[in-house]
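Since every read-out is calculated from the coordinates, none of them should be taken as a lab result. Here the structure is a predicted model, which means the values were calculated and not measured. With ideal geometry, Cβ positions are generated from the backbone for all residues, glycine too; neighbour counts draw on all protein chains shown.
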Amino acid sequence: MSLSKQSAKQKQGRSTLIWWVAGAALVAALGLIGASLWSTPKAAPVAGGDRNTQGKATAKVTVTEYGDYL
Amino acid sequence: MAALIEKGDVRFVYQHRLVVDPTNRSQLAAEAAECAADQSKFWDMHNKLYKEQGNKNTWSAAVFKSYAKAIGLDEAAFGSCMDSRKHKATVAKSDSEAAGKGVNSTPTFFINGKVLTLKQSFSEVLQAVNKELNK
């Protein structure tokens, strides 16, 4: 095998390795994103009296406004 | 107030008290807010209604539907909610409870359950809130 052919084969091998590493990294990244989305707690659906409420139930002060939009 | 809510110091609750036109526009506007709440957009409609108060003489179910469109609600679901008067009783209950607490004018504020009679401006609410926070 000539030196130039050997060098070309080495280059091709390196290129394939880079693609494999990039592909594996992409799969790992997508896996992490998926796992993160799966494990992130979703906000509970707003229901009942909470729908017209802002702020935490543990707040020190509760302000209630009685209003008429007119 | 928004900063205090964000910080976790204050919880803000809005309740309906129909005093201006209780059988018609006040009631329908409150129902519009409740129908928006079904789509988790109570505050968007709430703010829209206050913003549009200059047009309150034209308010009707049709106008509220146009507001729903403007704030990006599911128009069909909102329309169905308004047409069926789904939240007529919800609003009436809030109004009745407010009346039972002696609320006869709006806006009336309660700070940790104690009524605050506004003499001049909303800044009095902030003062009362800060007083409670510093207790």
Between the Cα axis of helix B:123-133 and the main Cα principal axis of chain B, the angle (0 to 90°, nearest 10) is 60 degrees
Between A:Asp50 and B:Gln120, the two model label points (7 Å from Cα along the beta-carbon direction) sit apart by a distance in nm of 4.0 nm
Rounded to the nearest 10, the angle in degrees between the Cα long axis of helix B:42-51 and the longest principal axis of the Cα atoms of chain B comes to 90 degrees
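Would you please put B:105-118, A:12-25 in order of how densely packed they are, using the mean number of other Cβ atoms within 10 angstrom per residue and starting with the highest? Working shown, then result.
Working: B:105-118: 15.1, A:12-25: 10.0.
Result, highest mean Cβ count within 10 Å first: B:105-118, A:12-25.
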Amide H neighbours of B:Thr108 at under 5 Å, excluding residues fewer than 5 places away on the same chain, with H built from the backbone geometry, are A:Tyr66
Too long for a 29 Å Cα-Cα cut-off, among B:Lys7/B:Lys119; B:Lys48/B:Lys131; B:Lys51/B:Lys86, are B:Lys48/B:Lys131
If one compares the long axis through the Cα atoms of helix B:88-100 with the longest principal axis of the Cα atoms of chain B, the angle in degrees, nearest 10, works out at 30 degrees
Inter-chain shielding metric for B:2-11, i.e. average beta-carbon neighbours from other chains within 10 angstrom, reads 5
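Can you give the FRET efficiency for B:Val20 and B:Asp83, using 1/(1 + (r/R0)^6), R0 = 35 Å, r = Cβ-Cβ distance, to the nearest 0.05? Don't skip to the answer; put the middle values down first.
On the way: r = 23 Å, r/R0 = 0.66.
That pair, B:Val20 with B:Asp83, gives E of 0.90.
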